[in-house]
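See below for the structure under consideration.
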Amino acid sequence: MEMNQVITLSQFIANEQLKYPGSTGDLSKLFRDIKLAAKIVNRDVRKAGLVDILGEHGTINVQGEKVKKLDVLANDIFIASLKAGRDCCAVLSEEEDFFHEVNRNAKYVVAMDPLDGSSNIDVNATIGTIFSIYKRLSSVGSPVTEEDCLQPGVNQVAAGYVIYGSSTMLVYTTGQGVNGFTLDGSIGDFCLSHPDIRIPVDGAIYSVNEGNFSKFSDGVKAYIEYCKASDSATGRPYSARYIGSLVADFHRNLLKGGIFMYPGTSSAPKGKLRLMYECNPMSFLIEQAGGRSVTGEQRIMEVIPTELHQRVPVFMGSKNMVEQLEQMLNATTVA
Ligand code: AHM
Ligand code: MG
C-alpha cells in the first residue's frame, strides 16, 4: 500500500467481490448495513458514560424520550439497519427469544450478539458486537424457518465483530482470511489497518474465568496448572489475561497469540457462551486466521445446533495451545 493510500471497508469488499464474477452483491450490501449500524452503536457507546446525565434505562431523558439500555438499543439499531437494507431475511439475536423475520424476499440470515459484554459498560471497559451470516436453506420468498437459523458453523458465509475499544474496529472473514478495519472518526469510515491477520501458532496468554476453577473438569484444571507451571523451554508460566468481555479477550489473543477458554462447569456443563452468535463466528475467524476452536470433544463449527440460544463449552486460540489442551483433556478422559 502506498503512503496515504486509504482503503475503506466498502472499497475492500467491492474489490473482493470482483474475484467472484457470478456474485450478486447482496453480501456487500449486507455489510454496508452492518457497517452503518456499527457506526451508530459506536456513537452511542461513546456517550454511555453520560447516561446518568441523560437518564437511566426506563426513565425519560431530557429530550422527553424513554431511555433504553444500551444492549437493547444496539439490538434495535442493527435490526432497523438490516430492515432498511432489505438483504437480510431474519435476525437471530441474543436480545430476543425467537428469531426475527426481517424480509422474506432476502437470502441471508444474520445471527448476532448486538452488544456483548454489556456488563462492562458501567466500568468503561471494551465491549463488542458479534455477527454471523448464513444463506437460508428455505427458498427466498417463503416464510423464514427455524432450520434457516439453526445451521452448523461450517455453513457460515461470513462472520465478524466490531470492537468498541480505545479505537473502534471491524474485523471480518468471508472464508478468505481475516481482515481488520479501524474506524477513522474524522472521515466516518472503517479503513483497512490489519490486513490478513494470522494468529501466532504458539502463544503465551491464557484467558479464563479462574474463579470457576473448582467447578472445572480434571482435564481443564490440569491444563490451567500447566499454563501456570514454570518451564523455560516453553516460556511458561504464561500470562493470565481476562477482561470478561469476549470480543476484547478474543481480539487480544488473535493479535498476540493465546488461548481463550469458557469451559463447562459442574453447575453449568455447557458453559455460558452461545453457539450461534458467540462461538461460531469467533471460531470461523480464528480458523481463518490459522487457529483452532473446539468444545473439548469436537470442532465448534461442526456442532449441529438444536436450539437457537444453545450454549457450548469453548476453547479457542493459537493452534498449538488448543492442541496441547485437547491432549490433556483426552488423557484425563482415558485415565
Ligand atoms: P453477555 O452476552 O451476557 O454479555 O455475556 C457474555 C460475556 C462474554 O463477553 C464473556 O466472555 C463472558 O460473558 C464472561 O463471563 P464470566 O463473567 O462468567 O467470566
Ligand atoms: Mg453475549
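The values are calculated or read from the model by the stated rules, or taken from the named source; none is laboratory data. In this text the structure is predicted, and so the values were computed from the model without any measurement. Every residue, glycine as well, gets a Cβ built from its backbone with ideal geometry; the counts of neighbours run over all protein chains shown.
Some points to look at:
- Only one of the listed residues (ARG104, ARG86, ARG136) is more than 16 Å from ligand 1 (Cβ to nearest atom), closer than 30 Å to VAL6 by Cα and over 17 Å from the mean Cα position of the chain (by Cα). That residue is ARG86.
- Of all residues in the range 221-246, those satisfying the criterion of being exposed (fewer than 15 other Cβ atoms within 10 Å of the Cβ) and under 26 Å from the mean Cα position of the chain (by Cα) are SER239, ALA240, GLY244.
- Of the set (1) crowded, with 16+ Cβ neighbours inside 10 Å; (2) not assigned by TED's automatic domain parsing to the domain that holds GLY160, all apply to ASP218 but (1).
- When we screen GLY244, GLY271 for residues that are over 21 Å from GLN324 (Cβ atoms), within 16 Å of ligand 2 (Cβ to nearest atom) and touching a residue at least 24 places away in the same chain (Cβ under 8 Å), the only hit is GLY244.
Condition check ((1) in contact with a Leu (Cβ under 9 Å, 6 or more places away or on another chain); (2) part of a loop (DSSP other than H, G, I, E, B)) across all residues:
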residue	(1), (2)
GLN5	no, yes
PHE12	yes, no
LYS19	no, yes
LYS29	no, no
LYS39	yes, no
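- Test: VAL208 is crowded, with 16+ Cβ neighbours inside 10 Å, touching a residue at least 24 places away in the same chain (Cβ under 8 Å), out of contact with any Leu (no Cβ under 9 Å at 6 or more places or on another chain) and within 26 Å of GLY264 (Cα to Cα): yes
- Close pairs (6 angstrom Cβ cut-off, 6 or more residues apart or separate chains): in contact (Cβ under 8 Å) with a residue 12 or more places away in the chain in the range 74-102, in a loop (DSSP other than H, G, I, E, B) and of a type in the set (Phe, Trp, Tyr) anywhere: ALA90/PHE99; LEU92/PHE99
- Every residue from the range 247-268 that is touching a strand residue (DSSP E or B) at 6+ places or on another chain (Cβ under 8 Å), more than 16 Å from ligand 2 (Cβ to nearest atom) and farther than 20 Å from ASP202 by Cα: PRO263
- If the condition is being part of a loop (DSSP other than H, G, I, E, B) and either of a type in the set (Lys, Arg) or in contact with a Ser or Thr (Cβ under 9 Å, 6 or more places away or on another chain) (or both), then the range 198-212 contributes ARG198, ILE199, PRO200, VAL201, ASP202, GLY203, ALA204.
- Candidate set: the range 278-317, residues that are of a type in the set (S, T, N, Q) and under 22 Å from ILE127 (Cα atoms); chosen: the one surrounded by the fewest Cβ atoms within 10 Å (Cβ to Cβ): GLN310
- Residues that are of a type outside the set (Phe, Trp, Tyr) and within 13 Å of ligand 1 (Cβ to nearest atom) within the range 203-225 comprise SER207, VAL208, ASN209, GLU210, GLY211, ASN212, LYS215, listed in sequence order.
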